[in-house]
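For reference, the structure is listed below as structure tokens.
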Amino acid sequence: MDKFTGIISDEKFSKISLAVAQYPKSLVHWEELLNYLISNSLPLNRSLDHRLYELIETTYDSMLSHFPYTENYYIDHALFQYKLGKVSKMHAVYQQGLKVFSYRSLHLWISYLKLCNEVVTSNKLLFQKYETAEKYIGLHYFSGEFWDLYLQQIQERCQRKERYFIILRKVLEIPLHSFSRFYAAWLRHIEEVQDVSQLNSFSSNEDLMKKLKIDVTYRGRKGPYLIECKKLLKKFTKELYMVVQYQVLEIYSLFESKLKTHYYSGPATLLPAVEVEIWDKYLDYTMSQRLDSLTHLNFQRALLPFAHYDIFWLKYANWLIDYSDDIASARNILIKGLSMSSKKNAIAKLLYATLCRLNDYDFLALIFEQHEDAHGDHIENVDDFEVFWDYVQFQTFCSSVTKSRYSKSELHSFMTPNVLDVILKRLSLQESKIDQLLLLSSILQLQTKSNTTFIEEKIFKHIIRSNWEFFLQNGQFWSLYSRLTFFNSSLSYLEKRRHIVKNIWLQGKRYNIKNLEPLREFCQSYLPEDIDALEEIFET
């Protein structure tokens, strides 16, 4: 029996596969399946059965589609391809992973570049990758290892030293956790200088003359002059060192030393609330620095462990909108947040507003359809009132947008038959759903001159005709009904009073209303002259 047949016929494989199929959002089962397949397929080399290769490849792809923020599994997948000699596939996996993290994953870049050092023979292509990495993760607090790799490759592959010193000089100004070793290297290179003319490797002739009064074309006694020039360079370096050291220690003491989770942990893991608070403050600090590349980077860092929390998706999008005026990027962040976060309501609301600002109504309609499909045919049964009300508002909005785009008329129906049907189904559940009166109150917030009659006839009178006692015996219902009439701008003040007292209150008298206080509060606020009439109606 060959390996592939042995694996797929193994009872353990069947058991693990079944667990994955039943619980696709459980990372543990996916890890168990991958470990089983890899361990039973050894050795991993070019002679691996192509059926086993396809099985492992499919498993990696499926797992990463469910858990796109698991950095280590992009690396494992890429190394799997590398061991089989599939270098182009290796590149593709790394690129796929980097794209998921908006190219701001330090862990992926370092792993990728280490392999590129071995397999990319073209200096031009290799340094293009390093330049791209620098653009996205060069300011990372822990990017010292990246800069070490970059400087090492420049030393090994470049004959001229100018590029090495340009990069090293750039690193000196970045507050890195391992900043001191780069300063040690810089000072060592200063010490190695044998001639004044070599000093222009550390800076341009103009800067040396302007900032330090060093003339690299000096014609006098060069020995004593070189010693003095080195002292000046070292003094300047130590001053810069003190500035960067202060920044590094400040960032470390306030934030980095208190952050313990730097990896994706899955939706089932509850992370310490204190780390949420620290990241929130860290991001505020970062935004105050006004370095957009660093702000993007630290937001991505925060999202790695807290991908299933809405707080940082919202904070990131709001920063893009308020400070960068980058509405399109905010849209992309919110879309990703909507797929990753466990709490979606606030993200969805901001996304709706963002899409409206972009006039992207087609995509808005697409999201709506997905939202509707997610709840099936029984949206009225959802327990979370916010989810239900968002659904109502969104569907009503989409309907109005569609009509406003394709109809010349400015009068559009207030509520589609489908929305009305869903609302009435939820109301029919009466006391089995909380916030039923909040639903009626929310509907009144949408009241206009043109839709007051609709609300009264289709909702309030429907409740009365249906004899739903939960509402009819509640003073809050009759208070809301009275408010609906009072804010009907089509009626005069006297007409409002007459309708409320003679129709609504007298109708409410037929039911055993358990709490009159909401009605009394309404009367005191809007119809104080009828307070006696109210008491008389409901006391007799």
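Every number here is computed from the coordinates shown, using simple stated rules; none is lab data. In this text the structure is predicted, and so the values were computed from the model without any measurement. A quick note on method: Cβ atoms are made from the backbone with ideal geometry, for glycine too, and the neighbour counts reach across all protein chains shown.
For the pair residue 353 and residue 498, what calculated FRET efficiency results from E = 1/(1 + (r/R0)^6), where r is the Cβ-Cβ distance and R0 = 45 Å, to the nearest 0.05? If you can, show how the numbers build up before the last one.
Values: r = 42 Å, r/R0 = 0.93.
Efficiency at R0 = 45 Å is approximately 0.60.
Relative contact order, percent, of the chain when contacts are C-alpha pairs under 8 Å separated by at least 6 residues? Write out the running numbers ahead of the final one.
Numbers: 450 pairs, mean separation 35.4, N = 540.
Once divided by the residue count of the chain, the mean separation gives 7 percent.
To the nearest 0.05, how large is the calculated FRET efficiency for residue 490 and residue 324 if R₀ is 45 Å and r is the Cβ-Cβ distance?
Details: r = 46 Å, r/R0 = 1.03.
Using R0 = 45 Å, I get an efficiency of 0.45.
Sorted by mean Cβ packing within 10 Å, highest first, what order do the peptides 240-250, 163-173 take? Could you put the intermediate results ahead of the total?
Working: 240-250: 14.3, 163-173: 16.5.
In descending order of packing, they fall as 163-173, 240-250.
Would you compute, from DSSP H runs of 4+ residues alone, the mean residue ellipticity of the chain at 222 nm, taking -39500 (n - 2.57) per run and dividing by the full residue count, rounded to the nearest 500? Spell out each step's value before the answer.
On the way: 29 runs with 361 residues, N = 540.
Value at 222 nm, helices only: -21000 deg cm²/dmol.
Scanning the chain for helices, which whole DSSP H stretches are 27 Å or more long along the axis (Cα) and average -0.5 or more by Kyte-Doolittle?
Working: long enough: 222-254 (47 Å, 0.06); 385-406 (32 Å, -0.15).
Result, helices passing both filters: 222-254, 385-406.
Sort 284-297, 125-138, 469-482 for me by packing, meaning the mean count of neighbouring Cβ atoms within 10 Å per residue, highest on top.
Details: 284-297: 15.9, 125-138: 17.4, 469-482: 20.8.
The peptides rank, most packed first, as 469-482, 125-138, 284-297.
Taking the Cα-to-Cβ direction at residue 467 and at residue 362 and moving 7 Å from each Cα, how far apart do the two end points lie in nm?
5.3
Just to be sure I follow: if Rg is taken over the C-alpha atoms of the stretch 404-540 and Rh is the Kirkwood radius over the same atoms, what is Rg/Rh? Provide the component values of the computation, followed by the final result.
Working: Rg = 15.7 Å, Rh = 15.9 Å.
Dividing the radius of gyration by the Kirkwood radius yields 0.99.
Treating the beta-carbon of each Lys and Arg as +1 and of each Asp and Glu as -1, no other charges, what is the dipole magnitude of the chain about its Cα centre, to the nearest 20 debye?
Details: 65 positive and 65 negative charges, 451 e Å.
For this selection, approximately 2160 debye.
For residue 252 and residue 236 in one chain, what is 0.36 nm times their gap in residues minus the Cα-Cα distance, to one decimal in nm?
On the way: separation 16, 0.36 × 16 = 5.76 nm, distance 2.43 nm.
Residue separation times 0.36 nm, minus the Cα-Cα distance, leaves 3.3 nm.
Under a point-charge model restricted to the Cβ atoms of Lys and Arg (+1) and Asp and Glu (-1), what is the dipole moment magnitude of the stretch 434-539 relative to its Cα centre, in debye to the nearest 20? Present the calculation step by step, with values, prior to reporting the outcome.
Numbers: 13 positive and 13 negative charges, 90 e Å.
That gives the stretch 434-539 a dipole magnitude of about 440 debye.
Calculate the spin-label point distance for residue 181 paired with residue 507, positioning each point 7 Å from the Cα along the beta-carbon direction, and give it in nanometres.
Here the modelled spin labels are 8.0 nm apart.
What's the extension gain from residue 369 to residue 525 if we count 0.36 nm per residue and subtract their Cα-Cα distance?
Working: separation 156, 0.36 × 156 = 56.16 nm, distance 4.24 nm.
That works out to 51.9 nm of additional length.
Please work out the FRET efficiency for the pair residue 54 and residue 416, using the Cβ-Cβ distance as r and a Förster radius of 35 Å; give the result to the nearest 0.05. Intermediate results must be reported in sequence, preceding the final value.
Values: r = 48 Å, r/R0 = 1.37.
Efficiency, rounded to the nearest 0.05: 0.15.
Report the one residue of 519, 117, 257 whose Cα lies farthest in the direction of the positive end of the charge dipole of the chain (charges on C-beta: Lys and Arg +1, Asp and Glu -1; origin at the Cα centre).
117
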